Amino acid sequence: MGLKARILVGYGIAFTFMGMVIGWAVVNLVSLGKATDAVLRENYWSILAAENMVGELERQDSGTLLALLGDSPRGMAQFHASEGVFLQWLARAKDNVTIPGEGDLVQTIETAYEHYRMQGTASAQGGLAGDPSAEPALTLYRESIYPAFAQVKEGCVRLRDLNEQAMYAASVRANRVARRAIWSTITVSGGALVLALLFSLLLAERIARPLQRFVEACRQISRGDFAVAVPVKTRDELGRLAGELNQMASQLARYHAMNIEVILSEKTKSEAILSSIEDGLVILDTDLEVTGINPAARRMLSLESAVATDLRCTDLPLGSDLCGLIAETVSTGEPPSLPDERRIITLSEDERARHYFFSVTPIRSRERALDGIVLLLKDVTRLREVERLKSEFVTAASHELRTPLTSIAMSIGLLREHAAERFSERDATLLQAAEEEVDRMKVLVNDLLELSRIEEGRIDLEFESVPVSGLFQHVEAVFRAQVLEKGITLNVHFPEEPLRIRADFTKITWVLTNLVSNGLRYVDRDGLIEISAHRVASAVHISVRDDGPGIPLEYQTRIFQKFVQVAGREAGGSGLGLAICKEIVRAHGGTIWVESSPGRGSTFTFAVPMVQ
Ligand code: ADP
């Protein structure tokens, strides 16, 4: 039977019980009504008839007396009027014979009344025709009329008493029926209620029990256990649901297995990729515990024999700075912003120092929550070695070039001084060009030497507390003549508060001068250069802004590298100025950058620590 049919049957049975109770109550009410009706029908009308007969009889009696006493017309009229009514009530009583003995009694009354009527009529008529004196009439009344009257009256009274007794008995009976009806209705309703309750409980239990199995099965599935088999016992909706659920569970199990296969194959692929790359990769969770490490990183960190699990960042030979940086990345969720030169760590491998360029990248889940950190280590030892050799070569070459350049410059100078008159004008122009080129080469060689000295860490900085305003005054004085000559406006914004920086005055002046001289080189006549300084946290930002041609985006980071110049805008420079600036600023513990939009000028800014 279907679930719907079961519920309908359940309701049907409850309604049947209710119907039975109602039916029972109706039967009781009907039998109660019948009992009352019987009382009315059987007794009330007979009592009424008896009482009315007595009344009419008494009126007839007084009519008889009236006639006997002389007023015959009125007496007879009264006699006959009451006679008609009496006979009507007698007929009623005859029609309503319902209790044993009543019929005989009515018959007796009828016979007695017939006798009385004859006596009464005869006597009254006799009274009319006979002696007018009262005495004989009264004697006649006493001897023949009254006994007949008394007999009829007695019959009527007995009829009334008989019916009154029967009425009392009927009312007792009706009472009994009512009591029985009340109790039986209570009993039947109570029984029906109990049965309906039991049946409802049974039905609810039969529907709910299988549902409990479904709940358990769903829980099992949500725990990831797909081996669910809800028994299909019935063919109703629940049975069909059980079948569908079992099928769904086996489908889920299939998908799950497929997913696991896909995941496993992806994992194997990723592991193969990680193992094959030469860069070191360390994966850390947000508690800074190592959750993955590739063979290259194991080799770099001398962890070949160690078990990767239970390793914390601090257990790796990365140094506290790098671990601090990783912890900071975990707390901010952003990759650290460090200049490339500070992204190098040195580790020893087989007692030889090796240099690694590192990057720290946060891993985010699909909900953008931080899942962990990837530390990438790129071996730059060879690159550094090449750089070092290159730098050594440049230093050596520059050094070697400096002496011949000095003698060439001296020779050209002497030639121009002492033998000028022997040269033609064309020769003199050539000689001047040679002298200018030699000067340019001397600048280049000096720049190269300076740069390689700084790069090799051979820069001696004499730190002092330098007032920014003093620095600005100096630079303003240096460029005063050139600015006037080129028709350029140089606006120096002296800081409003007395700012001091921790710097080597000569070197930092070199940086600022270089930036201003670049500006002078690239702005047009009537151009504008502005120098300003302001405090940002514990550093001072010094900016040189110009309204020159600006720097294309792709050059904005590269121009701080050696020999990089914006194509077509070489302007006779060596491409080393900004590289030297960067090294000097870095040696001061600061950074330098440019903000520019091509065609709208550039702003070079360097940050150096402030003296508190
Ligand atoms: P250079 O000796 O060539 O000026 P720098 O290192 O000082 O060498 O500058 C590198 C390049 O950056 C320059 O060749 C030039 O193309 C560009 N540059 C530097 N400063 C400016 C500036 N203020 N406006 C436009 N371009 C600039």
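The values are calculated or read from the model by the stated rules, or taken from the named source; none is laboratory data. Predicted model, so just to flag it, every value in this text is computed and none were measured. FYI the Cβ positions are ideal-geometry reconstructions off the backbone, even for glycines, and counts take in every protein chain you see. Surface accessibility is based on the protein's heavy atoms, side chains included, excluding ligands, DNA and RNA. Shrake-Rupley method; radii C 1.70, N 1.55, O 1.52, S 1.80 Å.
For Val523, are the conditions met, namely being open to solvent by less than 70 Å² (accessible area, probe 1.4 Å), β-branched (Val, Ile, Thr), within 53 Å of the chain's Cα centre (by Cα) and at pLDDT below 95?
No: the conditions fail for Val523.
If a residue has to be in a helix (DSSP H, G or I) and either over 22 Å from Ala579 (Cα atoms) or of a type outside the set (Asp, Glu) (or both) to count, how many in region 352-399 make the cut?
Matching residues across region 352-399 total 16.
Within region 74-91, can one find any residue that is outside any helix (DSSP H, G or I) and open to solvent by 20 Å² or more (accessible area, probe 1.4 Å)?
no
Residues to consider are Gln151, Gln165; find the one that is surrounded by 13 or more Cβ atoms within 10 Å (Cβ to Cβ), polar (S, T, N, Q) and modelled with pLDDT of 85 or more.
Working: Gln165 fails: surrounded by 13 or more Cβ atoms within 10 Å (Cβ to Cβ).
Just one listed residue meets the conditions, Gln151.
Among the numbered criteria (1) closer than 20 Å to Pro609 by Cβ; (2) more than 12 Å from the ligand (Cβ to nearest atom), which single criterion is violated by Val511?
Status for Val511: all satisfied but (2).
Quick one: would you say Pro598 is over 17 Å from Leu515 (Cβ atoms), under 52 Å from the mean Cα position of the chain (by Cα) and within 12 Å of the ligand (Cβ to nearest atom)?
So Pro598 passes the test.
Of the residues that make up region 307-324, is at least one under 38 Å from the mean Cα position of the chain (by Cα), under 30 Å from Arg558 (Cα atoms) and at pLDDT 85 or above?
Yes, region 307-324 contains a residue that is under 38 Å from the mean Cα position of the chain (by Cα), under 30 Å from Arg558 (Cα atoms) and at pLDDT 85 or above.
Take Gly101 and tell me if it is on the phi > 0 side of the Ramachandran plot and either in contact with a helix residue (DSSP H, G or I) (Cβ under 8 Å, 6 or more places away or on another chain) or of a type in the set (Val, Ile, Thr) (or both).
Here the answer is yes, as Gly101 does meet what is asked.
If you take the residues in region 289-338 that are open to solvent by 20 Å² or more (accessible area, probe 1.4 Å) and assigned to a strand (DSSP E or B), which one is nearest to Phe358 (Cα to Cα)?
Ile293
Before we move on, is Arg219 touching a residue at least 60 places away in the same chain (Cβ under 8 Å), open to solvent by 40 Å² or more (accessible area, probe 1.4 Å) and more than 30 Å from Trp24 (Cα to Cα)?
When the stated conditions are applied, Arg219 does not pass them.
Can you tell me which residues in region 548-557 are of a type outside the set (A, V, I, L, M), within 9 Å of the ligand (Cβ to nearest atom) and either under 28 Å from Val445 (Cβ atoms) or open to solvent by 60 Å² or more (accessible area, probe 1.4 Å) (or both)?
Across region 548-557, the qualifying residues are Gly548, Tyr555.
Of the numbered conditions (1) in a helix (DSSP H, G or I); (2) open to solvent by 40 Å² or more (accessible area, probe 1.4 Å), Lys233 fails exactly one; give the number of that condition.
Of (1) in a helix (DSSP H, G or I); (2) open to solvent by 40 Å² or more (accessible area, probe 1.4 Å), only one is false for Lys233: (1).
Just checking, how many residues over region 451-468 are assigned to a helix (DSSP H, G or I) and crowded, with 19+ Cβ neighbours inside 10 Å?
Number satisfying all stated conditions: 5.
Would you be able to say whether some residue in region 259-280 is touching a residue at least 40 places away in the same chain (Cβ under 8 Å) and surrounded by fewer than 16 Cβ atoms within 10 Å (Cβ to Cβ)? Break it down into steps so the answer makes sense when it comes.
Filtering region 259-280 down to residues touching a residue at least 40 places away in the same chain (Cβ under 8 Å) leaves 278-280.
With the extra rule that they be surrounded by fewer than 16 Cβ atoms within 10 Å (Cβ to Cβ), the set shrinks to 278.
Taking every residue of region 259-280 in turn, at least one turns out to be touching a residue at least 40 places away in the same chain (Cβ under 8 Å) and surrounded by fewer than 16 Cβ atoms within 10 Å (Cβ to Cβ).
If we keep just the residues of region 573-590 that are out of contact with any Pro (no Cβ under 6 Å at 6 or more places or on another chain) and open to solvent by 50 Å² or more (accessible area, probe 1.4 Å), which is farthest from Trp510 (Cα to Cα)?
So, considering only residues that are out of contact with any Pro (no Cβ under 6 Å at 6 or more places or on another chain) and open to solvent by 50 Å² or more (accessible area, probe 1.4 Å), the one farthest from Trp510 (Cα to Cα) is Arg586.
What's the number of the only condition in (1) free of Cβ contacts under 8 Å to residues at least 60 places away in the same chain; (2) in a helix (DSSP H, G or I); (3) open to solvent by 50 Å² or more (accessible area, probe 1.4 Å) that Glu341 fails to meet?
Failing condition for Glu341: (1).
On the given criteria, is Ala587 modelled with pLDDT under 95, more than 9 Å from the ligand (Cβ to nearest atom) and over 26 Å from Leu448 (Cα atoms)?
Working: modelled with pLDDT under 95: yes; more than 9 Å from the ligand (Cβ to nearest atom): yes; over 26 Å from Leu448 (Cα atoms): no.
Considered against the rule, which asks whether it is modelled with pLDDT under 95, more than 9 Å from the ligand (Cβ to nearest atom) and over 26 Å from Leu448 (Cα atoms), Ala587 comes out as no.
Which of the residues that make up region 558-584 are within 12 Å of the ligand (Cβ to nearest atom) and β-branched (Val, Ile, Thr)?
Filtering region 558-584 down to residues within 12 Å of the ligand (Cβ to nearest atom) leaves 558-583.
Scanning region 558-584 gives Ile559, Val564, Val566, Ile580.
Given the options Ala537, Ala503, name the one that is modelled with pLDDT under 95, more than 16 Å from the ligand (Cβ to nearest atom) and either surrounded by 16 or more Cβ atoms within 10 Å (Cβ to Cβ) or among the hydrophobic types (A, V, I, L, M, F, W, C) (or both). Even if it seems obvious, please write down each step before you answer.
Values: Ala503 fails: modelled with pLDDT under 95.
Every option except Ala537 fails the conditions.
Which residue pairs have Cβ atoms closer than 7 Å, lie 6 or more positions apart in sequence or on different chains, and pair a first residue in region 459-471 that is closer than 21 Å to Pro498 by Cα with a second residue that is among the aromatic types (Phe, Trp, Tyr) and part of a helix (DSSP H, G or I)?
Glu464/Phe505; Val466/Phe505
Report whether or not Gly413 is modelled with pLDDT of 85 or more, open to solvent by less than 90 Å² (accessible area, probe 1.4 Å), under 60 Å from the mean Cα position of the chain (by Cα) and not charged (D, E, K, R).
no
Residues being over 30 Å from Ser171 (Cβ atoms) and either in a helix (DSSP H, G or I) or open to solvent by less than 60 Å² (accessible area, probe 1.4 Å) (or both): count how many of those fall in region 36-73.
14
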